[in-house]
1. What is the order of B:166, A:92, fewest Cβ neighbours within 10 Å to most?
2. At 1.002 mPa s and 20 °C, plugging the Kirkwood radius over alpha-carbon pairs of the stretch B:116-167 into Stokes-Einstein gives what diffusion coefficient in µm²/s?
3. Which value at 222 nm does chain B reach when only helices count, each DSSP H run of 4 or more adding -39,500 (n - 2.57), with the total divided by all residues and rounded to the nearest 500 deg cm²/dmol?
4. Residue A:264 to residue B:35: FRET efficiency via 1/(1 + (r/R0)^6), r the Cβ-Cβ distance, R0 51 Å, to the nearest 0.05?
5. Would you kindly calculate the mean projected area, averaged across all directions, of the convex hull enclosing the Cα atoms of the stretch B:83-136, in square nanometres?
6. Just check the stretch B:1-63 against the gyration tensor rule for me: Cα atoms, a ≥ b ≥ c as the square roots of the eigenvalues, rounded for a/c under 1.5, and otherwise prolate or oblate depending on whether a/b exceeds b/c.
7. Please tell me the relative contact order of the stretch A:3-279 in percent, rounded to the nearest whole number, where contacts are Cα pairs under 8 Å and at least six residues apart.
8. Please state, as a whole number in µm²/s, the translational diffusion coefficient that the Stokes-Einstein equation yields for the stretch A:3-279 at 10 °C and 1.306 mPa s, with Rh defined as the Kirkwood radius across alpha carbon pairs.
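A short reminder: the numbers here are calculations on the coordinates, not readings from a lab. What you are looking at is a predicted structure, and each value in this text was computed from that prediction instead of being measured. In this analysis, Cβ positions are derived from the backbone assuming ideal geometry, glycine residues included, and neighbour counts consider all displayed protein chains.
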């Protein structure tokens, strides 16, 4: 493996890891603050991708499609939180697992009813359709670099909000002791709705910007959900920092795993998880 | 959990068992030409009942919510498929111990890792380990990839050349599965009422206290994990015989989710509940499949409603039949009457609680 090829794989791993971070950050926020395990998180990723596919062809513009799709995703998050999760905060995780499992079945089937079972793709927007020539026969797509930039920028925003704003203080405090936060007069109910909608929007957004890079297929949310669970377990549940480094680690491991040891590639991330569990059962950053 | 059920539970279960056992008598009258097909469905329900029961030991009795139980189900199926000789039936006398041994070893290794985690971590890690095996069999050449492995011959049950049971005969296989469910049920009832079961009960209620009393709780949990895994693998073995193949889908997390659903639909922690749950789930699915091609949406809605309305499952209805008082406290009414969205912090109090105490 020469250096340029190695470099491309490094970039691919980074890009995939950053995308994973967007999804995992929502998952870990929702769990850390609300104590809800949301299995339907992957389905929201899928819905994000399908929304952009649909709207790009309807509106004729990828960017416009994303602008329209984001409010739809947020609205969907609001509806789910208010209608179903509301009653589950007091109950055991088991019921959350089952309810969100039921939601997956409903959302997956809605996808089939609306968009059918075919595999679709979205063309890379013209603005970033170019490629960087790395060596004679190796190129790197502008769009992948753009995705990386957007993910990094969002990661920065999330970091800034959590570290340096009043909302961030409430979120961090809520992750440690919800009752106390409420006792101090903060409306936790509203906070929950906000967190859930933002978490769902982040995932759906990840699906939207990933749409031109992946094939949009039924069940695409299920596999990414499991990968994100691994990320969250490795990083430590509720920790944004953990989600970030976990995502980068898993992104790299999957990318290099499929290049170096293709026969074991699908198992690599689970082996890493098992190793982390052996050493630090609560995750690296918890 | 309950150690003594009301008498009506015993009566209902005995009547239902007898009802299932005499299916060959009433099946042809009710289903006519479809009777053979229905008996195969019934056999599958019995197998799933065994699977759901095995999970009840973990979820209902010990309080460990596993979302990776299909791992053992699939392991049983694949062990049978891969260890069977290509051109002759395997002898059940070594096949069954082999399935149990392999699943016990797998449960020991996985259990050792996942028992270290609690609550939500346990859910996520069991899920991840289940998926690990799923992706392995999906991509490996030796396991037939996404196609799975076909099983040409069901194992033989014979001593010195005399055939005791012909598992290829659907009727015989039906009764073998029924017997497995009955034996499995009696075993779990005995286990939960034994001293060991009472320690598990204690762990469910308060693990810290049990630890303080000097019980090595993680050992107890690990043993429960292994027993549960072995039972699930036997169910998987039977399922592979029934289908005639082992398939990655048997290992997937949708299978784990479905069996969890059977558990909750039937009523967890009761052992007999999951049996009812498996039957109810399969009958519902069968009905929905005939109504629309988009049956998963109906299944999903049923699951959501069951979680909201029937948290103790069918068993809960049998143990404590609903009366005026309990109906007033029903989750559905609470859900319908829940507070308006813009609640002041005081009123929102019940919406927040600590999730940390669930282990």
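1. Least to most surrounded, the residues fall as B:166, A:92.
2. 148 µm²/s
3. Helix-only estimate at 222 nm: -22000 deg cm²/dmol.
4. Efficiency, from the Cβ-Cβ distance: 0.60.
5. 4.7 nm²
6. Oblate.
7. Over the stretch A:3-279, the number comes to 40 percent.
8. Approximately 82 µm²/s, per Stokes-Einstein.
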